[in-house]
Amino acid sequence: MENASCSHANLIISGQVFRTITDAAWSVPRRVVEMASMGILRQAISPMPELLSYWLPLESARVLIRHVNETIAAMAAESPKQMIGVGAIPLQAVEAAIEELRRNVELLGLKAVEVGSNINGVPIGDPRFEPFFEAAAALEVAVFVHALRPVAKERLVGPPALEQIIGFPGEIALAAASVITSGTLIRHPKLRIAFSHGGGGLVPLLARLERYWQEMPKFRATLEESPALTARRAYYDLAVFEPALVRLLAQTMGTSQLLVGSDYPFGAYERSPVDLLRRAGLSEDDTSTITRLNATRYLGLSP
């Protein structure tokens, strides 16, 4: 990190400016003010995905991740009625990841952990991560899966920002599909897991999965239950920007599985998440469920 001004900093990766960020990324007072303007009372704060550090040697990653987790915990402690901490773990080494998961919960009081959609190219639904999901379910820690370093970046034509704009929705859809088709959600029914950006392109993928599950006995034999039913075991944030997509997610996943999302404070984040729900034509009851109840269940908080 290099200070660019009193309110901005450059994030440097391999000697290059990866992103310029505002102090909203670390200033609790600024966040509190901007939350009010967005109509948000409580906010879960999680690491920028590039800080998950899966590509670093384990000991280096552990040092950085602990610094990130302790910073997030301090921010949550600064404004405990408004900030909820979500930490990181070095999932490139599963046993070390479980150790850090316990530390996050027992020492730092964090309520959830963020993981990438892939770990150095390995999808999150791969069997090697089974012990992590088992531990998360046992510890009752929510898991938030965010798109990271999407596949097929070489297929994107245009500015570098397309990696986030176009690559992320496809990447998170593949991650969610891997968790569904691997049976992870069935084996761990107490696991509370959410996917960023509404699951990206998951809904059309899910339609195909469901069709083949119904029509092809050999495919059906590989999955214990309907893919559509399995998908409804997970949560999905609503950082999707489009009211029609909110309606489609409500219809497909059920309003009980949707979470307010904004992408704050990066890029073209959603300035009025509650207004997005109203523009989608959701009822007041459904809006209340999404804005007041679902995050409480997902994060395991007292009502």
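So here's what we get for this one:
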{"item": "F18 long-range amide H proximity, modeled H, under 5 Å", "result": "L11, I12, I13"}
{"item": "Sulfur and carbon atoms: percent of accessible area, region 27-93 [1.4 Å]", "result": "63"}
{"item": "Derived scalar couplings ³J(HN,Hα) [region 20-37; Karplus, 6.51 cos²θ - 1.76 cosθ + 1.60; whole Hz; x for Gly, Pro]", "result": "9, 10, 8, 5, 4, 6, 9, 9, 5, x, 5, 4, 4, 5, 6, 4, 4, 5"}
{"item": "Region 231-303 - accessible surface per residue (Å², probe 1.4 Å)", "result": "48"}
{"item": "Per-residue HN-Hα couplings for region 119-126 [Karplus 6.51, -1.76, 1.60; θ = phi - 60°; Hz; x = Gly/Pro]", "result": "10, 6, x, 8, x, 5, x, 4"}
{"item": "In order through region 216-230: 3J(HN,Hα) via Karplus (6.51 cos²θ - 1.76 cosθ + 1.60), integer Hz, x for Gly, Pro", "result": "10, x, 5, 6, 4, 5, 8, 10, 6, 9, 3, x, 5, 5, 4"}
{"item": "Lysines with Cα under 29 Å of K81, excluding same-chain neighbours fewer than 8 positions away", "result": "K111, K190"}
{"item": "Under-5 Å amide H pairs with V113, H placed in peptide plane, nonlocal only", "result": "G87, A142, V143, F144"}
{"item": "Pairwise FRET efficiency - S288 versus S79, Cβ, R0 = 25 Å, nearest 0.05", "result": "0.55"}
{"item": "Listed residues G15, G183, G167, most fluctuating in the chain (Gaussian network, C-alpha, under 10 Å)", "result": "G15"}
{"item": "Region 106-158, relative contact order [Cα under 8 Å, separation at least 6], %", "result": "49"}
{"item": "Cα gyration tensor category, rounded, prolate or oblate, for the chain with a/c compared to 1.5", "result": "rounded"}
{"item": "Per residue accessible area in Å² of region 77-122, where ligands, DNA and RNA are left out and the probe is 1.4 Å", "result": "39"}
{"item": "Nearest-0.05 FRET efficiency for V33 and A4, computed from C-beta distance (R0 35 Å)", "result": "0.95"}
{"item": "Stretch gain in nm, segment T22-S256, where the contour uses 0.36 nm per residue and the Cα spacing is subtracted", "result": "80.9 nm"}
{"item": "Helix-derived mean residue ellipticity, 222 nm - over the chain, DSSP H n ≥ 4, -39500 (n - 2.57), to 500", "result": "-12000 deg cm²/dmol"}
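The values are calculated or read from the model by the stated rules, or taken from the named source; none is laboratory data. These figures come from a predicted structure and were not determined experimentally. Ideal geometry is used to build each Cβ from the backbone, glycine not excepted, and the neighbour counts take in all protein chains shown. These accessible areas exclude ligands, DNA and RNA; they are computed on the full protein's heavy atoms, side chains included. Shrake-Rupley method; radii C 1.70, N 1.55, O 1.52, S 1.80 Å.
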